[in-house]
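To start, the structure itself, in structure tokens.
The values are calculated or read from the model by the stated rules, or taken from the named source; none is laboratory data. All values derive from a computational prediction rather than experimental measurement. Note that we place each Cβ from the backbone using ideal geometry, even for glycine, and neighbour counts take in every protein chain shown.
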Amino acid sequence: MLVDFERRAFKLPARLAALPVEKAPWAGWTVGQELEMLLVLRALGLERIHWTETFRGDPWLAAQWGRTALPEENTFYRALERFDSEEKVRALGEVNRPLLERLLASERYAVLDLDTTVETVHGRQEGSVIGYNPRYHGRPSYQPLLAIEAQSGALVAVELHSGRTASAEEKLTFYRRAKAQLPPGCPVRYVRGDKAFPSEDLLGELEREGVHYAFKFRATPPLRELAFQPRRWHALFSPDPYEEIQAASIGYQALGWSRTRRLVLIRTRMLPSPQLPLLPEWEWELQAIVTDLPWWEEDVWRFYNDRARCENVIKDLKVGLGIDAIAKADFWPNAADLWIKALAYNLLLALKARTPEPIRRLTAEPFRRLFLRIPGLLARHARGWSLHLPAWWPAAPSWQSLRSALASG
């Protein structure tokens, strides 16, 4: 089903074959076939290429390419090695466009969540350096940038970077590339991100474009000192009776900013205990959000906190697609592999969108287990192949309905 879906709905074989990578014309497999197979295998849960043997002898999967078996693992490694430049890797973004058009077809505008994550390497991969790594301190890593459309959960753009924190210029360039990926009828209206993103370059560009933003801002000592001066804090509702939440707004001009901008301040603390604290002004946990939104503080805070879905997408990419499983020693092949996993994620997202609501909510791994990687019996008769599925399979009615819809176009 997955192969039929990507071929009929998005014509991915032709798009992959048009990529600017070449191989010998007498080779047994074309570039398009190798990349299509790799994309499908990534979507089916092939986290590491050397696990190819898990799928290599699958007769039904091999029959989709008119073969009796899939290629050996070295074929897929060489397919990635052909992406030896930034230009070739960027071309994979063009393959993502039809997926985005389908995923964002019902959206009138886009809410872009910009984020980064850490991919620890356990070798000497090109471009990896020792940088921020909260889990494996002192280990080299990559830090890819990701742009996620918040309403659909679609991956708009990905970009592999070394383990050092990306510069303000690199983040601005990434935002521009992500914006260019969106369909024409779905312009960017809001942009959100963590405290690594609000530079003067990015904020200034968003303001010139009329795009609203909400970014977390570092609670530096000067800001904390200013925030805890007497001012009009007002209480917000908390579902926890032992938690106190207050909000306020200030104008603030950070170092490097060209002008004063609005900061929404949220401070929280637990209700005081009978024992007096030593430093009562530091009881509060402070959160600052820089924004141009004219909303009430609580609305800005809730809107920013809605980007938690972005973290869930990144978790699904790691657990379900294995984006932190580094395939090659060279940088650009690894960047291409990251894009292929992003395409596989969007392909699964588009397929889930055509299933009933309970199945649609599943993350990648349980969706594959329930809907794609199922036991079956492949039999050949005089008139062709037939696939016999288990009678006890709970998702059989949904699977058959979607299969019929795909067959009818």
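Listing for the model above:
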| quantity | calculated |
| --- | --- |
| Options Ala79, Ala69; residue that is in contact with a helix residue (DSSP H, G or I) (Cβ under 7 Å, 6 or more places away or on another chain), under 16 Å from Ala336 (Cα atoms), aliphatic (A, V, I, L, M) and in the same structural domain as Ala350 (by TED's automatic domain parsing) | Ala79 |
| Residue within segment 187-206 that is under 21 Å from the mean Cα position of the chain (by Cα) and farther than 25 Å from Arg261 by Cβ present | no |
| Selection status of Arg48, modelled with pLDDT under 90, of a type outside the set (Asp, Glu) and in the same structural domain as Gln400 (by TED's automatic domain parsing) | yes |
| Residue that is at pLDDT 95 or above, of a type outside the set (Ser, Thr, Tyr) and either farther than 26 Å from Ile374 by Cα or not assigned by TED's automatic domain parsing to the domain that holds Asp330 (or both), where the choices are Asn96, Asn74 | Asn96 |
| Single condition Glu47 does not satisfy, out of (1) buried (at least 19 other Cβ atoms within 10 Å of the Cβ); (2) over 20 Å from Glu87 (Cβ atoms) | (1) |
| Residue match in segment 320-332 (condition: closer than 20 Å to Phe10 by Cα and in the same structural domain as Glu47 (by TED's automatic domain parsing)) | no |
| Enumeration of residues in segment 199-244 that are closer than 13 Å to Thr268 by Cβ, in a strand (DSSP E or B) and touching a helix residue (DSSP H, G or I) at 6+ places or on another chain (Cβ under 9 Å) | Leu236 |
| Candidates Leu99, Leu38, Leu46, filtered to the one that is closer than 30 Å to Val188 by Cα and within 21 Å of the chain's Cα centre (by Cα) | Leu99 |
| Residue ranges of helices (runs of 4 or more DSSP H) in segment 36-94 with at least 2 members in contact (Cβ under 8 Å) with a residue 24 or more places away in the chain and among the acidic types (Asp, Glu) | 73-81, 86-90 |
| Members of segment 193-209 found to be out of contact with any Phe, Trp or Tyr (no Cβ under 6 Å at 6 or more places or on another chain) and touching a residue at least 40 places away in the same chain (Cβ under 8 Å), listed by number | Asp194, Ala196, Ser199, Leu203, Gly204, Glu207 |
| Pairs with Cβ under 7 Å, 6+ apart, first in segment 359-372 and under 11 Å from Ser398 (Cβ atoms), second among the aromatic types (Phe, Trp, Tyr) | Ile359/Phe367; Ile359/Phe371; Phe371/Trp399 |
| Members of segment 294-321 found to be surrounded by 20 or more Cβ atoms within 10 Å (Cβ to Cβ) and farther than 29 Å from Tyr213 by Cα, listed by number | Gly320, Leu321 |
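Matching residues to (1) assigned to a loop (DSSP other than H, G, I, E, B); (2) surrounded by 10 or more Cβ atoms within 10 Å (Cβ to Cβ):
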residue: Ala350; (1), (2): no, yes
residue: Arg354; (1), (2): yes, yes
residue: Pro358; (1), (2): no, yes
residue: Leu362; (1), (2): yes, yes
residue: Phe367; (1), (2): no, yes
residue: Ile374; (1), (2): yes, yes
residue: Ala391; (1), (2): yes, no
